[in-house]
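All remarks here apply to the structure that follows.
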Amino acid sequence: MFEWKNALRELERPSSSNFTGINAAYSAIEWSFNYLESEEVKLTFLLCSVIGHNGLVEDLVRYTLGLGLFDGVYTMEEARNKVLTVVANLKASALLLDSYNDERFDIHDVVWDAALAIALKDYRMLVLRDHVPKEWSDKEKINSWSLISLRCPQIIANLPKEMECSGLSFFHMAGAVKIPPNFFKQTKGLKVLDLFRMQFSSLPKSIIHLTDLRMLCLKESAVDDITIIGELKNLEILDLAKSRIKDLPKEMAQLTQLRLLDLSWCRELEIISPNVLSSLSELKELYMGGSFVEWEKEGVAENERKNASLDELNKLPCLTTLDVHIPDAQMIPKHRFVESLDKYVICVGDYNRFVWYQSHECWRTLRLKLCTNIHLDNGLKMLLMKTEALYLEGLEGVKNVLVELNNGKDLPHLKRLHIENVGKLAINTKIIWHNQACHWITNLRSLIIEGCGKLEHLLSPSLARSLVQLQCFKIRDCEGLRDIILTEKIEEQRKDVICLPRLNSLRIVGLRNLIFFCSGNYNIEFPLLKKLKIEGCPKLKEFISQTSTQSGMHTLFNGKVAFPTLEKMTINKLRNVKMMFHNNFAPGSFQNLREIRVEGCGNLKNLFPVSIAKDLPQLEDFCITNCGVEEIVSKGEGVEEQPVRFEFPQVSSLEVTSLKELKCFYEGQHTILWPLLKKLKTDCSALLKIVASEHLRLIQGNEQPVLLVEEVIPNLEELELLNFGDMDQFPPALFQDIKVFVVCGGSRSSIFPFVRRFYNLDSFWLFGFDFKYVVPCKGDVGTVTPIRNLILYRAINLKHIWRKDSEFDHILSNLQKLEVWECDDLINITVSSSSLQNLTTLNVSYCQMMTNLVTPLVVKNLVQLTRMSVARCTKMTEIVGNGGDCHQTIVVSKLKCLELSYLESLTSFCSRNYTFSFPCLEELVVERCPRLKTFTEGVLSTPQLRRVKQSSYREKWSWASDLNTTIQQLYTEKDEFYDGYKSDISDTIPKSIEIWIRNPQEILGFKNLGSLHFYKCSSLKYIFTSSMLLSLNQLEVIKVKECSSMEQVVREEAMTDKFTFLALFSIRIELCSNLTNFYLGSQALEFPELFRIAIVECPKMTTFSSSVSRGSGDASENVVGEGGIYDNPAIFFSNK
């Protein structure tokens, strides 16, 4: 053990001498490194180790360019291709790994640590992650480093006044709260500077000494004054993505060597000084997605211009890559910058910023949202000719999109076509197909049609046959669509086969009037289809129309459709389907199926015929829930009366739930085997049918049936039971290997005696369980089940986790992780002195009755606790409550991370005069705790803590001289109810309601206000007047809860015209007992982006609005009910 600990220490804290002593695995990594083809490749690999897990390849590209790493590589594209090649080779040699997408790479922990040791020993690269090594205090050594990366909070919080490192070429630091003014004075050779998530508003003045700097990254930084960057005249790459800059000042025009400028997701950027962009004569790549949209319109006099215009891009002769949002198509200039673009993502029209969350698979993507017509100017037509991915939205009054779009001309490079929310779409397939110039449709790889409500038919058989390259086909929310492939009367009938030879994914969702996929009597082949999803098509009868059926019962899939390579099938909410598969499929038709999920098919009688159920050799994930099936496998006709053997050799996950009509798995004699089943979700009644009735054997001399299941489910590890009931009929052998047991609902007193059967149980989850009738175990509990993880979610009648003689006391003694969610009856976590001594993680959220979490005695016994999180417990005033001697010392010896989030009543961690010591506390998150005034009243010791994080997701830090002082300075009056995006107005936050009543514009004027939450505002009868609505253009979310006096949300004043909520996508109103409407007025409200409306337990609400229009919005997730149930949405959303 001591050898392993020493090896771990050497890897975590590498020095120039210890690498050679590490075992053979690390020597092998060094050997692989030494045999890399060149020094360039070796340095690239070491830069990967600086970036770490799931690093962006693009960051690596920018680093290598800044360092000038590759000889003979001069352009951005050459560098990108070189890095991609090197990364691919490093993956092939197992030094790097694939990440979760193609834009990233990963690295194994062992390889990562070995790489850092090599970098330190041989390349003078110092990467400090979580400790302070002796090298950092050795000034002579520091002066020799070529690369330094600082992630260690202790170092970042105590930076030297000057960085004496003349040979440094690369410096990276994350999350700095401050940097001394002269820090960079003696690092004049620096070429790459990455100050990721810098938490102060201006750069240190010494940055002007970095005259050789080539690459500067301020990604996700709080900087808003970047004027000084204009002095870095040799800068070639400037990355300001997700920073808080408000303007790009005129000084930026001096960066005449700049080749790449990244302004992506700079949400506060509103001003780009005129002529700055046009001065960047060497600029090749400009990224502005999700950012600046305030382009100056054409025709404004030079001396009156306040902002950049798109015309400036014409003065950038080298520009090849552009990522930009242009709100008005008329602003696009008709000149040469469009001609030179090789890569682009250009959004034209009134898009909100959420469009940039969508991934763009092609680097020639054009999005068009045109309100009235489709007439394009020359600039757009040039782009269209090069476009590979085209997104079309709006286009009211257009009769034929594909013909009118480019005057019928060819789109030679188009591979992906996405048509969305086209009001009166009609696609004339004859014109597309018969126009010889429009053969581009044969190149389509992706076809997506969404929200085209007037569309009745999509494809003809001839057009369908022309989609020979199509790989992805998605149709969604087209309410008028009756057929996807329609046979017209004049269609020739001699070709009876339609083949989509390359289609990989087919998704049909929300087509409420769809009757057939194909209305003709064709055979349709999908030779390469892997994924099929059909959801929310209540009128769908058959995939392919069949003129006659033998039994008179339609089947969704018959022998006229072929999916020989299908791997994943999802069928959901098809209420018209009674049979899923016909029994006329050839053997092996579904032999590649790995996952099938069938949900919400209320009239479905069975799932498989015998022939298919016996031939699913690759099936791994099997789910059927909330259906009307009486049997899962149908007996069919003409089947011999002999035992049938069903074996599912690869199924590892099985869900059979909410099947109220289920009588059996299969009516005839049969056996079932699930040899690899690991995870089972079901209820008690269905469980008996899953393991099969024929296993109830009559043992000789015993008339009672005995369940023999040892060979049926021999490897079950995870069991989830809905509505826990009587389990006595099942033998203990069925459960002895289970590691995870989940109970959802139920109130049986026998729950804990039953848990004793689980000899290897590791995790126990109780969801919605009623503890009212649970009784203590009698007598000796015997062997204690070694449960390490316990989750309690919405437990009912649970006031205490521990009481004398309770079964929980025996469970808690071994527990390592405890999570408590929404247990509103729970008062606090009070346990015996011997409980929770092994607990390492404690998470508590949404427990509304808790005023404190634990007593001092409990805290003292949490000797292994390393992480604790408390969130959204509205009544909690302190974490540690009263108990015992107030002058005692409490040492929380191993706690490293403490998170306190959204605790609106919290005033302190502990209000008593205890002495607290947290010797290992390194990370403290305090988020939205507006009443928190001090951490503790007594003596406090936190030797490792150097900063307080103010958000779980954003890098926002604070630190004063000590923790108590930091807490005292953490919140201003505004911070109590506004976090930079969301504002909470509530009686529980007196200052917020005081300001709202006095002058709402003080809150509505907040920069970037996107979400308004009103909670327990007892004095408000309404929220907005119509005159206030003009301040809500950026508002995205409105939530109202428990406002007992509120009668309406918007009260009309003198409003002469309709008002549009431009960005609002979610409205939720809950538990407002006197609310009668959202708005009653003479003028219309429009919600073009509205996606979700939820009205819950508002019994007096009879109408949403008398004049309301959703515009192009969808509101596809309406939830209306519970306390005010409205059967007719057309009446609820009346008038418009």
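Quick note: the coordinates plus some simple rules give every number you see, no bench work behind them. Just so it is clear, the structure is predicted and the values come from calculations on it, not from any experiment. Every residue, glycine as well, gets a Cβ built from its backbone with ideal geometry; the counts of neighbours run over all protein chains shown.
Worth pointing out:
- FRET E, pair N523, Q591, Förster distance 25 Å, beta-carbon r, rounded to 0.05: 0.80
- Between N234 and D109, the distance separating the two model label sites (each 7 Å from Cα on the Cα→Cβ line) works out to 4.2 nm.
- For a paramagnetic label modelled on K161 (point 7 Å from Cα along Cα→Cβ), amide N atoms under 18 Å away belong, within region 201-215, to 204-207.
- Max-minus-min Cα coordinates of region 148-217 on each principal axis give 27, 22, 21 Å, with the largest extent listed first.
- The GluC sites (Glu not before Pro) of region 947-1015 that DSSP puts in a loop, and whose beta carbon has at most 15 other beta carbons within 10 Å, are E973.
- Between S961 and E282, residue separation times 0.36 nm minus the direct Cα-Cα distance comes to 239.8 nm.
- Note on K663/D825: beta-carbon distance plugged into 1/(1 + (r/R0)^6) with R0 of 60 Å gives a FRET efficiency of 0.95.
- Approximating the spin labels as points 7 Å out from Cα along Cα→Cβ, the E456-to-R645 distance works out to 5.5 nm.
- Relative contact order, whole percent, for region 1012-1080 stands at 40, derived from Cα pairs under 8 Å and 6 or more residues apart.
- Each other residue within a Cβ distance under 11 Å of K739 adds +1 if Lys or Arg and -1 if Asp or Glu, for a net charge of -1.
- Taking other Cβ atoms within 10 Å as a rough exposure proxy, Y351, Y35 sort from fewest to most as Y35, Y351.
- Net lengthening on full extension, K1007/L1030 (0.36 nm per residue, minus Cα-Cα): 6.8 nm
- The simple spin-label model puts a point 7 Å past each Cα toward its Cβ; for K343 and E37 those points are separated by 2.1 nm.
- Value of Rg to Rh for region 866-972, rounded to two decimals, is 0.93; Kirkwood radius and Rg both from alpha-carbon coordinates.
- 20 Å Cα-Cα reach of K242 towards lysines, excluding residues that sit fewer than 8 places from it in its own chain: K178, K219, K949, K956, K982, K1007
- Label-zone membership for region 814-833, site N797, 7 angstrom Cα→C-beta point, backbone N under 17 Å: 823-827
- Here the extension length gained between V468 and I271 equals 66.2 nm, from 0.36 nm per residue of separation less the Cα-Cα distance.
- Label point 7 Å beyond Cα of S653 along Cβ direction - residues of region 584-623 with amide nitrogen under 19 Å: 592-600, 617-623
- Exposure proxy ranking, count of Cβ atoms within 10 Å, fewest first, for W295, W996: W295, W996
- Residues V577, V177 arranged by fewest to most Cβ contacts within 10 Å: V177, V577
- Computed over neighbours whose Cβ is under 12 Å from that of T866, the net charge equals +2, Lys and Arg +1, Asp and Glu -1.
- Over 18 Å (Cα to Cα) - which of K933/K1016; K531/K679; K817/K896 fall in this group: K933/K1016; K531/K679
- For the set K297/K381; K605/K635; K454/K1039; K161/K205; K614/K635; K560/K660, the pairs lying more than 23 angstrom apart at their alpha carbons are K454/K1039; K560/K660.
- Span from the region 969-1016 Cα centroid across to the region 916-950 one, whole angstrom: 25 Å
- Electrostatic bookkeeping for C1043 treats Lys and Arg as +1 and Asp and Glu as -1; over the other residues with beta carbon under 12 Å from its beta carbon, the sum is 0.
- Taking amide H positions as modeled 1.01 Å from N, with prolines and chain starts lacking one, the residues under 5 Å from E655 and 5 or more places away or on another chain are F622, C623, I624, K681.
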